[in-house]
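Below: the structure, in structure tokens.
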Amino acid sequence: MGTTIKKSTGSAIAGLTSIDGISVSSDTIETTTLDNVGGYRTFLTSLKDAGEVSISGYFAHTSHAGFLTDFEAGTSASYIITFPDTRTWTFTAIVTAFSTSAELEDLISFEATLKVSGKPVLA
């Protein structure tokens, strides 16, 4: 399908079947005052959050064990999601979840969740 994710220092992560991409949001601070006219609350934006990137696919120890290593160490890494039209999301993230699963008539699968730290860049 042409979409890949990789650590900035490596090759594309192999065996992926799903990349749940960047989803930015903002906290709010209520600024409604007693003299507000119209009955609607007013707000300002506050801290922004780039959310999480969930990836899943077929488990290959040599390609995916690094997620568990990063999880255990608590280290952050730079990642790049590249779309077929060559646009990219570049971001720093920590691994907050990693799991494997085995089913009767399927390959061993894995899932990992990357918590984005800081501002992602869409280019």
- Message: Looking only at segment 1-35, filter to residues that are charged (D, E, K, R) and touching a Lys or Arg at 6+ places or on another chain (Cβ under 9 Å); which one of those is nearest to residue 49 (Cα to Cα)?
- Response: 27
- The listed residue being in contact with a Pro (Cβ under 9 Å, 6 or more places away or on another chain), surrounded by 13 or more Cβ atoms within 10 Å (Cβ to Cβ) and within 30 Å of residue 123 (Cα to Cα), out of 59, 91: 91
- Note on the structure: When every residue in segment 79-88 that is closer than 17 Å to residue 14 by Cα and either in contact with a His (Cβ under 9 Å, 6 or more places away or on another chain) or not β-branched (Val, Ile, Thr) (or both) is compared, the one surrounded by the most Cβ atoms within 10 Å (Cβ to Cβ) is 79
- For segment 1-47, which fully contained strands (runs of 3 or more DSSP E) count at least 1 residues that are of a type in the set (S, T, N, Q), in contact with a Leu (Cβ under 8 Å, 6 or more places away or on another chain) and open to solvent by less than 90 Å² (accessible area, probe 1.4 Å)? 4-7, 25-30
- Task: May I ask you to list the residues in segment 47-89 that are out of contact with any Ser or Thr (no Cβ under 6 Å at 6 or more places or on another chain) and among the polar types (S, T, N, Q)?
- Result: 62, 63, 69, 75, 86
- Message: Of the conditions (1) small (Gly, Ala, Ser); (2) farther than 11 Å from residue 7 by Cβ; (3) under 16 Å from the mean Cα position of the chain (by Cα), residue 60 satisfies every one except a single condition; which number is it?
- Response: (3)
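The values are calculated or read from the model by the stated rules, or taken from the named source; none is laboratory data. Please read all numbers here as calculations on a predicted model, not as lab measurements. Because the Cβ atoms are built from the backbone with ideal geometry, glycine has one as well, and the counts that use them run over all protein chains shown. What goes into the accessible areas is simple: the full protein's heavy atoms, side chains included, and nothing from ligands, DNA or RNA. Shrake-Rupley method; radii C 1.70, N 1.55, O 1.52, S 1.80 Å.
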